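What follows is a short report on a single structure.
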Amino acid sequence: MATLLVVEDERDIRDLLRRYLERAGHSVLTAATGAEGLRHIESDAPDLVLLDLGLPDIDGLDLLERAHSLHIAVIALTARSTVEDRIRGLERGADDYVTKPFSPQEVVLRVAAVLGRGGRSAEVGTLRFGNGRLHIDEQAHTALLDGQALELTPTEWGLLTTLASRPGRAFSRGELVNRVRGYEFAGYERTVDSHVKNLRRKLGDDDATVVETVLGIGYRFGWQRDA
Ligand code: CA
């Protein structure tokens, strides 16, 4: 059972989410304002926050950033559905997104998915990809390609493990910067491309099928995890 925090100023949605999430076996805290949500985030250490980005008192993105800095998983609830807003939210550390109107069953499933992958820290553990061609052992800090150890810089290692933590999921450059470096650094976004280029070279990924380019956004890991 996980402790979840629902920050949502609309009472109907708040109550609906609480009902469904409690029925799914979670312990649920609720907050109707950003200030209240912030207090819960800082004192109750929830496992995951369902966060409405449109709050009356605090910009939801600021709350998102605070939760992210405390390594608390966040699923953003938003009426904003443009690509730019999605990317902005993901860059600030959201683990997933649900656009209103949503079905409460969908939210329950997404909560289970985010909790199942260990929240936002997205530890990949020892994983195999590409029918055994690539082994990533996060604890040993090693990556083997076709049995050969890859000599990766810390940035390349961070890029690889971040992308491989969610195969098929597009990461924006800004998000990669945040996840790899842990902080925002103006100008660094432009250098993501050259790190990716080096990583691809080491992976023998000439045709960019391991680290795929997502036009207008960034990159995603193209190989599936082995069963
Ligand atoms: Ca709202």
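The values are calculated or read from the model by the stated rules, or taken from the named source; none is laboratory data. The model shown is predicted, which means the values in this text are computed figures rather than measured ones. Using ideal geometry, Cβ is built from the backbone for each residue, glycine included, and neighbour counts are taken over all protein chains shown. Protein only, heavy atoms only, side chains kept; ligands, DNA and RNA dropped before computing areas. Shrake-Rupley method; radii C 1.70, N 1.55, O 1.52, S 1.80 Å.
Some observations on this one:
- Label-point separation, Arg190 to His141 (7 Å along Cα→Cβ), nm: 3.1
- A 1.4 Å probe run over the protein chains yields, for the chain, 49 Å² of accessible area per residue, whole-number rounding.
- Along its first, second and third principal axes, ordered by size, segment 126-221 spans 37, 27, 21 Å in Cα coordinates.
- Stretched out straight at 0.36 nm per residue, the stretch from Thr209 to Arg23 would grow longer than its current Cα-Cα span by 62.8 nm.
- Accessible area per residue (1.4 Å probe, heavy atoms of protein chains only) ranks Ile13, Ile72 as Ile13, Ile72, with the largest value leading.
- Carbon/sulfur fraction of accessible area - segment 3-115, other protein chains in place, 1.4 Å, %: 49
- By the helix-only formula, in which each DSSP H run with n ≥ 4 contributes -39500 (n - 2.57) and the sum is divided by residues, the chain has a 222 nm mean residue ellipticity of -12500 deg cm²/dmol.
- Between 0 and 90°, nearest 10: helix 60-69 axis offset from the chain longest Cα axis: 50
- With respect to the chain, whose longest principal axis is taken over its alpha-carbon atoms, helix 11-23 is tilted by about 60°.
- Distant-in-sequence amide contacts of Glu138, defined by a placed amide H-H separation under 5 Å and a gap of 5 or more residues or a different chain, comprise Gly125, Thr126, Leu127.
- Helix 104-116 vs. the chain, principal-axis angle (Cα, 0 to 90°, nearest 10): 50
- Calculated Rg and Dmax of the chain using C-alpha coordinates, Å: 18.4, 56
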